Structure formats: C-alpha cells, structure tokens
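Take a look at the structure set out below.
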Amino acid sequence: MMVRFLSVALLLACSALVNLVAAQAHSIQDSDAGRGASQILEDATLVDLWQLFKEAEQEDPRVLAALARSESGEWRERESFGQLLPQLSANSAFNRSLQDNQFVRERYSGERYGLMLSQTLYDAESWHNYRRYGELAKQQKAEYEVVQEEATIDLIERYFIALAAEDELELVSAELRATSRNLDRINSLYGRQLAVITDVLEISARVDALKAVEIEARNAVAVSREGLSELVGRQITERLKRIGSQAEFFLPEHKREFWVAQAADSSPVLKARRSAVDAAQAALRQAKGGHMPKLTLSLSGQRSDIGYENSQSTLTDTYVASLGVQVPLYSGGSTSARVSSSYADLMTAEHELEQARRQVVRETRSAFYAAEAGISKISASGNALVSSRKAREAAERAFGFGVMNAVDVLNTIKEEYASRRVFLQSKYDFIMSTLVLRRWSGTLVRDDVRKVNEWLVAPNDRDAAVN
C-alpha cells in the first residue's frame, strides 16, 4: 500500500509539473512576446523608421554641416567665376584747394568723376582657379551625398539595435517569469519531498542569473534609445514598430560583379575623390599659370575740373582705352615652389582615389557576401526555431513519462529562446547588409528606407512579435 501511495503521489507531482511547463510555454507564445521592452516606456504612441528618418534629415548635425559645406562650395565657385567677368568701378573726388604764390592767393573747389571698365582677356591663373573651385564644389556636393548615406545607414542600424535590445529584454523577461514559476513549483514539490535539492538549487541559480541579465538588457534598451535620440535631437519615448511576418526577403537582383561595377560608376565616395583629383589638377595648372603673361583691356572715362597738382582747370572730359600686358620674370622662386607643391597635392589626391576605390570594392563585395549569407541564415535560423520548439515539446512529454528532469526541460526552453533571438537578429542583419550594399554601390535612395519601413508593424501585433 505504501509503495502504491508513493507511486500515485509521484505521478501526480509529475503531472502537475508537466502542466506548469506546458502553461509557461504557451504563455511565451501568447502573452509574453507582446510585453517586455514596451513595459518600460510610458508613452503609448508609436514611431516608425520613416518618421525618424524624416526627423533626422532636419536635425542630424552631420547632414546639416555637410549641406552647408556644399552650399559654400557653390558660392565659392561663383566667386571665382566673377573674377573672369568685366569689372566696373566708379570713383569721385571733391576738393577744396588754397593756392598761394607770389602772384596770387585764391581758394577754389574742384570735382572729379570717373568710370572704369576692365576685362581680363588672358589670365591662366584666374581661369584655372575657377576650374579648381568648380571641382571643389562637385567634391563637396558628393561628400554631402556620402554623409547623407552614412547618416541613413547609421539611423537604420541604430533603429535595429534598439529593436534587438528590446527583443532581448522581452525574451529574457519571459524566460525569467517562466523559470520563476518553475522554481515556485519545484520548491513546493521539494517541501513535500517529491523533488531533489539539486533541481531546486540549479533552477534557483538560473533565476538569479536571469535577473542579472534582465538588468543588463534594460540598460541596453535605454542606451540604444539614446543612440536614436542623438540623431533626431529629441528623447525617443515612443514604442518602435517591429518587423512583421508579412516581410519577405530575397537575394539582391544582380550578381556580385554588377554591384562592383555599379559602385565604380555611381559611388559618391569615388565621385568625391575624382573631383578632388580634378581640383588638384586645376590647382597645378593654376600654379603653372603664374609663369604665363596676363592681358587686360581697360576702358575709362573721366570728367574733371581739377588739373595737375590740384590746380584749377576748365571742365574736361577724358576717355581712355588701354591694353595692358604683364609678363612675370622672377618672383623669388615662389611660383616654382607652388608648382612643386601642387604636383605633390595631385599625387596625394590620386593615391587617395585609389585607396577609396579599393575600399569601395571591398565593402561592396563584403556587403554582397553578407546578403547572400544572410538570406541563408534566415532560413536556417527559422528551421532551428521550429526544431527547438519541437524539442521543447518532446522534453515536456518525456518529463511526463519520468524520463527527463525539470532542469533538462528548462534547458530546452532556453534553447528555444536562443533560437528565437538568432532568428530575429538574422532578419536585422540581412536588411542591413542589403542597405549597406546599396550604400556602397551608390544606389541607396529614400525609397529604400520607405520599403524597409513597410515591413514594420505595431509591436502588439502577435505575428510580428512571435516571428
């Protein structure tokens, strides 16, 4: 009778523990996934990637500074062009003179008005200076595009870092709640001598470890949101939209070498470096122009009643046309030194262009490889998630038959959480890889951000949270 009583009691305890494990597994899928990180946010409103992108466009200091530099470059080009156009100036003078000599002492007033027009006919320095500033303006415009792309990628990366941090907190919190419930039940069973002390101690240690991990995860959420706040210039308190189950991911539509060729042709990084080389070449030609003669045409007109040495004279109109030639002979070697310095600057610009070209090729190929691997990782991690879920279900059934202990069941639950983390992170990594590929190939546009934003749904959407 005693053996039968103990057997029945043990079966009842095992049945209760199986029900507990099954209940916590179902709660992970139905309720815990929709909570988590959003619980630490007081603001119930939502914000998505597109909204933050539009805010960052207006508030990111890097973008605003690059825009200002681009505008400055355009005005400097216009300034240098103005030196090639006709120069018109006017002058006037009003005199009150006292003339005193042995014959006469008199006071008189005088006026002089003049108008001068000058036009450079040949000046190699001024012409190549204009060309140099034109290339510098192109360089700064391309650098503005580079900064825009960098800021866009940075924003998207920080957005997904924030989502990953919230996923981590959500899953850790759910695992902690499930493990705590199991600890309560194991303690109850141990009090009735239906569980061993090793299970109690191991699950208790796991609860303590998860509490520490949860604290770290909450801190990671706060830090990731500070990263977003830095870019948009305000505190981000809204809930972030997440990737929904409707998102479909595909490999890039072209082969690797297509993207490399596209990068070589369209990358704003290379455009900026090429314009820098062209500007350096123009600067070299400008320096060599210091050895060349200058030819200037001047037209002037003057009306004056002031004579030589401010003497009184009759009102006279004078018109002059002149053609001036200036031939440089010797400037102490400064012109030759400027030529040598400009040549060295040209060599520097060409080496920097080659460095940038190699970097763009490497980054483009790396992004393509990452995208290829990413799509496979999404599939593999999705299969791993399904397998871990089945393993957890099998462990629960095995526990019901008494062939597996509670700690082993919790281990399968932990593996399921880990698989879900990897699955979510693989989606983020793939999206970033495709956008980085477009960035380095020079094809990243606003519509790419909008397309990514279409994959995002409200975080209380069950499919988005689970998948």
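The values are calculated or read from the model by the stated rules, or taken from the named source; none is laboratory data. Keep in mind that this is a model prediction, so the values were computed, not measured. Cβ placement follows ideal geometry from the backbone for every residue including glycine, while neighbour counts extend to all protein chains displayed.
Give the number of residues within the range 370-405 that are hydroxyl-bearing (Ser, Thr, Tyr) and in contact (Cβ under 8 Å) with a residue 40 or more places away in the chain.
Our first condition is that a residue be hydroxyl-bearing (Ser, Thr, Tyr); within the range 370-405, this holds for 376, 379, 381, 387-388.
With the extra rule that they be in contact (Cβ under 8 Å) with a residue 40 or more places away in the chain, the set shrinks to 381.
Matching residues across the range 370-405 total 1.
Quick test for you: out of Arg358, Arg362, Arg397, pick the one residue that is at pLDDT below 90 and either assigned to a helix (DSSP H, G or I) or hydrophobic (A, V, I, L, M, F, W, C) (or both). It would help to see each step written out before you state the result.
Numbers: Arg358 fails: at pLDDT below 90; Arg362 fails: at pLDDT below 90.
Just a single option satisfies the conditions, and that option is Arg397.
Please find, among Thr179, Thr152, Thr198, Thr120, the residue that is within 54 Å of the chain's Cα centre (by Cα), under 30 Å from Val339 (Cβ atoms), β-branched (Val, Ile, Thr) and modelled with pLDDT under 95. Break it down stepwise before answering.
On the way: Thr179 fails: under 30 Å from Val339 (Cβ atoms); Thr152 fails: under 30 Å from Val339 (Cβ atoms); Thr198 fails: under 30 Å from Val339 (Cβ atoms).
That would be Thr120, the only listed residue that is within 54 Å of the chain's Cα centre (by Cα), under 30 Å from Val339 (Cβ atoms), β-branched (Val, Ile, Thr) and modelled with pLDDT under 95.
What are the residues in the range 400-427 that are at pLDDT 85 or above and either on the phi > 0 side of the Ramachandran plot or in contact with a Leu (Cβ under 7 Å, 6 or more places away or on another chain) (or both), if any?
Those that are at pLDDT 85 or above and either on the phi > 0 side of the Ramachandran plot or in contact with a Leu (Cβ under 7 Å, 6 or more places away or on another chain) (or both): Tyr417, Ser419, Arg420, Arg421, Phe423.
Starting from the range 217-234, keep only residues that are at positive phi, then list their pairs with residues that are outside any helix (DSSP H, G or I) whose Cβ atoms are within a distance under 9 Å, requiring at least 6 positions of separation or different chains.
Gly233/Asp60
Looking only at the range 58-113, how many residues end up being surrounded by 11 or more Cβ atoms within 10 Å (Cβ to Cβ), part of a strand (DSSP E or B) and hydrophobic (A, V, I, L, M, F, W, C)?
2
Being hydrophobic (A, V, I, L, M, F, W, C) and buried (at least 20 other Cβ atoms within 10 Å of the Cβ) is the filter here; which residues of the range 163-175 pass it? Talk me through it step by step, then tell me what you get.
Quick first cut of the range 163-175, residues hydrophobic (A, V, I, L, M, F, W, C) only: 163-165, 169, 171-172, 174.
Scanning the range 163-175 gives Leu163, Ala165, Leu169, Leu171, Val172, Ala174.
Any residue in the range 247-263 that is touching a Lys or Arg at 6+ places or on another chain (Cβ under 8 Å), under 17 Å from Val360 (Cα atoms) and of a type in the set (A, V, I, L, M)?
yes
Pairs needed: first member in the range 158-173, of a type in the set (S, T, N, Q); second member anywhere, modelled with pLDDT under 90; C-beta distance under 6 Å; at least 6 residues apart or different chains.
Note: pairs meeting the criteria are Ser173/Gly36.
Just to be sure I understand, how many residues within the range 428-454 are touching a Leu at 6+ places or on another chain (Cβ under 8 Å), hydroxyl-bearing (Ser, Thr, Tyr) and modelled with pLDDT under 90?
Final tally of qualifying residues: 0.
Specify which of the listed residues (Thr179, Thr237) is outside any helix (DSSP H, G or I) and β-branched (Val, Ile, Thr). Before the answer, list the steps.
Details: Thr179 fails: outside any helix (DSSP H, G or I).
Checking each option against the conditions leaves just Thr237.
Looking at the range 111-123, I want the residues that are of a type in the set (S, T, N, Q) and have a partner that is exposed (fewer than 15 other Cβ atoms within 10 Å of the Cβ) with Cβ atoms under 6 Å, at least 6 apart or on another chain. Which pairs are those?
Ser118/Gln87; Ser118/Ser298; Gln119/Pro86; Gln119/Leu297
Quick one: which residue in Ser334, Ser381 is surrounded by fewer than 12 Cβ atoms within 10 Å (Cβ to Cβ) and either over 24 Å from Asn182 (Cβ atoms) or within 30 Å of the chain's Cα centre (by Cα) (or both)? Write out each step before concluding.
Details: Ser381 fails: surrounded by fewer than 12 Cβ atoms within 10 Å (Cβ to Cβ).
That would be Ser334, the only listed residue that is surrounded by fewer than 12 Cβ atoms within 10 Å (Cβ to Cβ) and either over 24 Å from Asn182 (Cβ atoms) or within 30 Å of the chain's Cα centre (by Cα) (or both).
Do the conditions hold for Val457, that is, is it surrounded by 19 or more Cβ atoms within 10 Å (Cβ to Cβ) and modelled with pLDDT under 90? Spell out how you get there, then give the answer.
Working: surrounded by 19 or more Cβ atoms within 10 Å (Cβ to Cβ): yes; modelled with pLDDT under 90: yes.
Yes.
When the residues of the range 362-377 are narrowed to those that are of a type in the set (A, V, I, L, M) and crowded, with 16+ Cβ neighbours inside 10 Å, which ends up farthest from Ala276 (Cα to Cα)? Spell out how you get there, then give the answer.
Kept after step one, since they are of a type in the set (A, V, I, L, M), are these residues of the range 362-377: 367, 370-371, 373, 375.
Narrowing further to those that are crowded, with 16+ Cβ neighbours inside 10 Å: 367, 370-371, 375.
Working: Ala367: 26, Ala370: 31, Ala371: 32, Ile375: 38 Å.
Among residues in the range 362-377 that are of a type in the set (A, V, I, L, M) and crowded, with 16+ Cβ neighbours inside 10 Å, the one farthest from Ala276 (Cα to Cα) is Ile375.
Between Leu297, Leu270, which is under 19 Å from Tyr122 (Cβ atoms) and at pLDDT 90 or above? Steps first, please.
Details: Leu270 fails: under 19 Å from Tyr122 (Cβ atoms).
Within the list Leu297, Leu270, the selection yields Leu297.
Take Asp447 and decide whether it is part of a helix (DSSP H, G or I) and in contact (Cβ under 8 Å) with a residue 12 or more places away in the chain. Spell out the reasoning first.
Numbers: part of a helix (DSSP H, G or I): yes; in contact (Cβ under 8 Å) with a residue 12 or more places away in the chain: no.
No; evaluated as a whole, the condition is false for this residue.
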